[in-house]
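Engineer: Please find one structure pasted underneath; my questions will follow.
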Amino acid sequence: MEGDDWLQRPAGTPNPAIWILGHLAHSRAAFLEMLTGQRMHEEGWDALAGLGVDPQDASVYPDVDTCRGVLDARLRDLKSYLETASEADLESQPCVSSKFFKTKAAILVQLSHHEAHHTGALSMLRRLLGKERII
């Protein structure tokens, strides 16, 4: 996608692509905080892309390059965590209390489901905007 494609909200779609991209980046930080105990959220993003936040006018979101940069940085953080996580660590309780997850492994399962869901939404947005399939 390019240019204004990221800001479009075709009829019947709940979220513009820029919201999804920001939400994925913000959510990775939240999952990482539960895994490591380190806060990695971008300042001000909770109100834009946090859990349960309704998308706002797309123009209030950081630009695509910023969102991609944060998404990539959190991926590097996740890879770093996984390179050193032991089986015992994955079976341990989250660093941040959660009513949803009893183990860090459960967090990783949900993270993969969450990313797959929103990646599918991005794929559908591309199609609705007349873009070629990428999957």
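Laboratory data are not the source of any read-out in this text; all were calculated from the coordinates shown. Just so we're clear, the structure is a prediction, and the values are computed from it rather than from any experiment. Please note: Cβ atoms are built from the backbone with ideal geometry, for glycine as well, and neighbour counts cover all protein chains shown.
Engineer: At 0.36 nm per residue, minus the direct Cα-Cα distance, what do Phe100 and Lys131 gain on full extension? Give it in nm, one decimal, please.
Structural biologist: Result for the pair: 7.5 nm of gain on full extension.
Engineer: In addition: Mind checking the angle between helix 17-36 and the chain's longest principal axis? C-alpha axes, 0 to 90 degrees, to the nearest 10.
Structural biologist: With both axes taken from Cα atoms, the answer is about 0 degrees.
Engineer: So what is the calculated 222 nm ellipticity per residue for the chain, using -39500 (n - 2.57) for each DSSP H run with n of 4 or more, over all residues, to the nearest 500 deg cm²/dmol?
Structural biologist: -18000 deg cm²/dmol
Engineer: Angle between the Cα long axis of helix 64-84 and the longest principal axis of the chain, 0 to 90 degrees, nearest 10?
Structural biologist: 20
Engineer: Moving to a separate point now. Computed FRET efficiency, Cβ-Cβ of Asp54 and Leu75, R0 30 Å: what is it to the nearest 0.05?
Structural biologist: Step by step, r from the Cβ atoms, then E = 0.70.
Engineer: Which distance in nm do the two modelled labels at Glu83 and Asp63 give, with both placed 7 Å along the Cα-to-Cβ direction?
Structural biologist: So the two model labels end up 3.0 nm from each other.
Engineer: How big, in percent, is the set of alpha carbon pairs in segment 3-128 lying more than 21 Å apart?
Structural biologist: 41
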